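First comes the structure, then the notes that go with it.
Every number here is computed from the coordinates shown, using simple stated rules; none is lab data. No experiment lies behind these values; they were computed from the predicted model shown. Here Cβ is always computed from backbone atoms with ideal geometry, including for glycine, and neighbour counts include all displayed protein chains.
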Ligand SMILES: Nc1ncnc2c1ncn2[C@@H]1O[C@H](COP(=O)(O)OP(=O)(O)OP(=O)(O)O)[C@@H](O)[C@H]1O
Ligand SMILES: [Mg+2]
């Protein structure tokens, strides 16, 4: 089943075309990796999917229904499309448990007991139970990212969007998050993951969507992109790495 279908999507900020002619299908259970230079439009594309950014033109269907336009329940949409940000975006004044349970209480209307049980269930999956009473400042980067992912998954989203989930992490923690994403994939979670990290990309997928100046230039196996000798943009992006 196609969960997300993007057609001819475009976004301009003023005169600047940030996304042009984006077409993309995401199937149930699939993991897509999105790479591209800084400023190529990766975050903007993810943000269009849960209406944090309003596209200028085109269409996005989620489970067969258009999600752009005025008559869409954006709040309901955001429950279905979870978002994990680069910088964790945890509430620093709330404990780990409160960070995960807050949206369950506020958005799902759960009582404290039920919300805490659900939150603890998610945290347990990521070996974070022992840290439930800590504040974000008392956690490592990898642990914070686990909390952020637990929080997104607690809403039982149909799709999880991850924007550079390892960019603030060292290589060991980065591998850890990669393994975690693989586990989620194994459990059938549908994901789009933006990353600069070629190690993470190849850990979680054998294909990459390559975004260049707002256009999807390639949807290809990683080794094909990394060994390309003809396209200067691909060489500039992948060449300097290894
Ligand atoms: N709210 C905004 N207003 C104006 N311009 C914006 C806004 N958000 C993004 N842009 C511009 O859109 C372009 C794409 O930004 P975006 O954040 O999508 O890039 P990115 O590929 O995620 O980059 P990075 O790898 O650095 O995170 C950039 O030129 C950026 O300056
Ligand atoms: Mg970005």
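Miscellaneous remarks
- The simple Förster model, with R0 at 30 Å and r as the Cβ-Cβ distance, assigns residue 106 and residue 158 a FRET efficiency of 0.90.
- Put simply, the C-alpha atoms of the chain give a gyration tensor, and the ellipsoid matching it has half-axes of 30, 23, 15 Å, longest first.
- A Gaussian network model of the chain, with springs between Cα atoms under 10 Å, assigns the largest mean-square fluctuation among 71, 116, 203 to 71.
- Cα-based shape type of region 127-242, given that a ≥ b ≥ c are square roots of the gyration tensor eigenvalues and the cut on a/c is 1.5: prolate
- The slack in the chain from residue 224 to residue 113, taken as 0.36 nm per residue of separation less the alpha-carbon distance, amounts to 34.9 nm.
- Shape category assigned to region 1-94 from the gyration tensor of Cα positions, a/c cut at 1.5: rounded
- Label zone (residue 28, point 7 Å along Cα-to-C-beta; backbone nitrogen cut-off 19 Å) within region 56-90: 61-66, 80-82.
- Taking 17 Å as the cut-off, no amide N atom of region 1-31 comes nearer than this to a point 7 Å along the Cα-to-beta-carbon line of residue 89.
- Virtual paramagnetic centre 7 Å along Cα→Cβ of residue 187, amide N under 18 Å, in region 21-36: 28-32
- Among 127, 114, sorting on how many other beta-carbon atoms sit within 10 Å of each Cβ, with the fewest leading, yields 127, 114.
- Taking a ≥ b ≥ c as the square roots of the eigenvalues of the Cα gyration tensor, an a/c ratio of 1.5 or more together with a/b no larger than b/c marks region 46-178 as oblate.
- Between 16, 132, 28, the Gaussian network model of the chain with springs among Cα atoms under 10 angstrom shows the greatest mean-square fluctuation at 16.
- Working from label points 7 Å from Cα in the Cα-to-Cβ sense, the residue 54 to residue 235 distance is 4.3 nm.
- Pairwise label distance in nanometres, residue 179 with residue 140, each label 7 Å out on the Cα-Cβ vector: 1.1 nm
- If R0 is 25 Å, the Cβ-Cβ spacing of residue 73 and residue 121 corresponds to a FRET efficiency of close to 0.40.
- Residue-averaged 222 nm ellipticity for the chain, from DSSP H runs of 4+ at -39500 (n - 2.57), nearest 500: -11000 deg cm²/dmol
- The chain, relative contact order [Cα under 8 Å, separation at least 6], %: 26 percent
- The GNM of the chain, with springs linking C-alpha atoms under 10 angstrom apart, assigns the highest mean-square fluctuation among 134, 79, 118 to 134.
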